[in-house]
1. Which residues' amide hydrogens lie under 5 Å from the amide hydrogen of ALA83, considering only partners 5 or more residues apart or on another chain, with H built in the peptide plane?
2. State the extension gain, in nm to one decimal, for the chain segment bounded by ALA92 and ARG138, taking 0.36 nm per residue of separation less the distance between their alpha-carbons.
3. Rounded to the nearest angstrom and ordered from largest down, what semi-axes does the equivalent ellipsoid of the range 50-116 get from its C-alpha gyration tensor (root of 5λ)?
4. Show which lysines lie in cross-link reach of LYS124 when reach means a straight Cα distance below 21 angstrom and same-chain residues fewer than eight apart are skipped.
5. Report the full-extension gain for the segment THR26 to ASP120: residue separation times 0.36 nm, less the Cα-Cα distance, to one decimal in nm.
6. I'd like the Kirkwood hydrodynamic radius of the range 2-139, using the inverse of the mean 1/r over distinct C-alpha pairs, in Å.
Amino acid sequence: MVAASAATIAAIWGCGGNNQGSRLDTLAKEALANRRPLNLQRVAPNSWDRLFVFGAYTPPTTIEQTLGFKWKDAANQSPTQDAVSLYVFTRASSVVESFQSGALNAGCLYGTPLARAQSDLTVKSIGGATVVVGAPDRRCDSR
């Protein structure tokens, strides 16, 4: 039972497969400790030009509408756990990388893509959670 629980936790927090969710958590903690921006290019160094972030329970049709193209993995990647977000990195009309993670409260990023040039996020610890409070093109929280 313990092994199944650990596997479930790893899947939810993005620690399986490409480990990008785990890397996001590590880099977010470093950004907080060093009072520096969290640079998403360090999380997903592959060639991408836009990042889309989707919240838990986002329907696959909404993901595809927001992306502006069909994505065969939308149904499999849509987050089905509270506090888990889906990070989708695209280049032109294709997905180059995606992962789920609960490392950040990234609600500030939902709905509007972030360009690669805008990949420095301001994060703060609020109530024990790491929260995105700003990006170069938006301010999300004044706390």
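A short reminder: the numbers here are calculations on the coordinates, not readings from a lab. Keep in mind the model is a prediction, meaning the values are calculated, not measured.
1. HN-HN under 5 Å from ALA83: ALA56.
2. Values: separation 46, 0.36 × 46 = 16.56 nm, distance 2.29 nm.
That works out to 14.3 nm of additional length.
3. On the way: eigenvalues 56, 37, 20 Å².
Three semi-axes, in Å: 17, 14, 10.
4. Reachable lysines: LYS29.
5. Values: separation 94, 0.36 × 94 = 33.84 nm, distance 1.53 nm.
Between THR26 and ASP120, full extension yields 32.3 nm more.
6. Working: mean 1/r = 0.0664 Å⁻¹.
Its Kirkwood hydrodynamic radius stands at 15.1 Å.
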